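Right, one structure below, let's go through it.
Since every read-out is calculated from the coordinates, none of them should be taken as a lab result. Computed from a predicted structure; not experimentally measured. All Cβ positions, even for glycine, are placed from backbone atoms using ideal geometry, and neighbour counts span all protein chains on display.
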Amino acid sequence: MSTLPRIRHAVHCLQTTHIRKGKARRFLLGVSQLSLREFTSLNAAGRNLGLNRWTGENRIRRLVTDIELCRQVQRLLIREAFASRQGYWYCSLDHSQFGPFCIAVLALSNRAGRAIPVWVQVNASEAALIAPLLTALEGLFMDLAVIAPRLKLVLVMDRWFAADKLLTLIASHDYYFVARTKSDKKVATPWDQYWQRSSIREVSPLETLVTYRQHRLRLIRSDLKSGMKDPEPWFLLTNLPNTQHTGDAAGVTRCQLLHRYAERFEIEESFKDLKWLQRLEWQRIRKPEVIRTVLLFMFLGWWLLWRYVAPVPNRTTPQKKARPKKQLSWFRAAWEQWLQLTQPPLLALLA
C-alpha cells in the first residue's frame, strides 16, 4: 500500500477507535486542514474547503472551539503513545512561547533528532504555568495508570521545572524524573551534618546522594572541558535507581543519564519545526482553547508522519555521507516527501 492510502486508512482507524460518532466528521476535517498543512490562518483553512466562504470559516471555528473533540484528540494521542507500554519510557517536558501563550509540551524521545509531541498544556503566561501544569499532569498520570499500569515514565526536564511541588507529584505516582537544576540550589550531602546545606556547585563528586527539600536524590554532574559552550557543567537531580548502588538490574548509570538528558534538546528542535516549517510563529490566535486544539491536530500529524511516511534518501547523495550538521531531520525529510506527494510541481501539472 502506498503512502497516501496508508495515511487515509490510519486516520479512519484512529477515528473509529478513539473518536465518538458525533465528532467523526469534525475530526476528519481537523486532520485534513490542520494536521499535515502549513498553518496560515483559521479563516484560510476554512476557505480551503472549497465551500461558500462563510460556510467554510464557520465550520473551522466550530471545530477549534469544540472542547470535547479536543479532549478526545488528546486521549487519542496518549493512548497511541503509551497504551500497553512497560518499563522505562523517557519523555521530554519543556515549555515555549507561541504568540501570547506559554505552552508546556510532553514529547516522546526517539533518538532521531526530533521528539514527538503528544500532550500539551496552554497558559496565558510563563508566570502562571506551574499551578495549572500540576493539575493537568495529575490528570495525565491518572489516565496513564489505567492505560499502561506497568509503565515507568521518566520525565526529562530543564531547570525551569526543578520545582519541589512538581518533583513531589511525579514521585507520588511512582514515576521518575531527570531534572537539571541551578548551581546555587542548596542540598544536604552525606558528609555534612543533617542540618547543613551546601550549594550544588560546591559538591565535587561526579555522582553522590543528596537531600533536596524532602527528596533523597542522586546528584549527577557532567564533565566540564575547555572549549565547551556552557560555562558550567550540567547538574542533574534524579530519583532513578543506580545499578552500582542498589544492585537493581533495571538501574540507570551516570553515563546513561547524561545521554538521556542530552536527548532533551530534541524537543527544542521540535518547537522550531512547529514554528517555522508549520508556520505557527506567525499565528494570531488569541484564545487558549483554540491554540490547544490546533496544536493537538498538528501533534497528530507528527505522529502520522513518524508512523507512516518513511523518508527515502536521495540515492545519488545519500544522507549518511553528508556532514552530521547537514543531514536532514526525520521530520523535515518526511515533511518534504509529504509535500511532494500532496502538492505536485506546477510544471508537471502543465505538461
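Descriptive notes on the structure:
- Stretch gain in nm, segment Gln196-Val146, where the contour uses 0.36 nm per residue and the Cα spacing is subtracted: 13.8 nm
- With θ taken as phi - 60° and the Karplus curve 6.51 cos²θ - 1.76 cosθ + 1.60 applied, the whole-hertz 3J(HN,Hα) list for region 190-198 is x, 8, 9, 5, 4, 8, 8, 10, 10 Hz, x standing for glycine and proline.
- Considering only beta bridges that DSSP places wholly inside region 84-267, some 75 percent are antiparallel.
- Dipole magnitude for the chain: about 1040 debye, using +1 per Lys or Arg Cβ and -1 per Asp or Glu Cβ, origin at the Cα centre.
- Inter-label distance, Thr211 to Lys182: 2.3 nm, where each label sits 7 Å from its Cα along the C-beta direction.
- Peptides 161-173, 195-207 ordered by average Cβ neighbours within 10 Å, highest first: 161-173, 195-207
- For the chain, the Rg and Dmax computed from alpha carbons only, in angstrom: 22.4, 82
- Selection from Thr55, Asn242, Ser109 lying farthest towards where the dipole of the chain points positive, charges on Cβ: Thr55
- Karplus (6.51, -1.76, 1.60) ³J(HN,Hα), θ = phi - 60°, over region 95-108, in Hz, Gly and Pro reported as x: 10, 8, 9, 10, x, x, 9, 9, 10, 9, 10, 9, 9, 6
- Structural descriptor for region 1-153: relative contact order 18 percent, calculated from alpha carbon pairs under 8 angstrom and at least 6 residues apart.
- Length added when fully stretched, His259-Ser32, from 0.36 nm per residue minus Cα-Cα: 78.0 nm
- Here's the list of aspartates and glutamates a cross-link from Lys23 could span, going by alpha-carbon distance under 13 Å and ignoring same-chain residues fewer than 8 apart: Asp66, Glu68.
- Neighbourhood net charge (13 Å Cβ-Cβ; Lys/Arg +1, Asp/Glu -1) for Thr189: +4
- The number of Lys pairs in region 84-267 with C-alpha atoms less than 18 Å apart, excluding pairs fewer than 8 positions apart on the same chain, is 4.
- With 0.36 nm allotted per residue and the present C-alpha distance subtracted, the Arg71-His9 stretch has 20.1 nm of extension available.
- Of the complete DSSP H runs in the chain, those spanning 20 angstrom or more by Cα along the long axis with a mean Kyte-Doolittle score not below -1.0 are 3-18, 67-82, 130-147, 288-308.
- Remark: relative contact order (region 98-254) = 14 percent; criterion is Cα-Cα distance under 8 angstrom and separation of 6 or more residues.
- Sum of -39500 (n - 2.57) over DSSP H runs of 4+, divided by residues of the chain (222 nm, nearest 500): -13000 deg cm²/dmol
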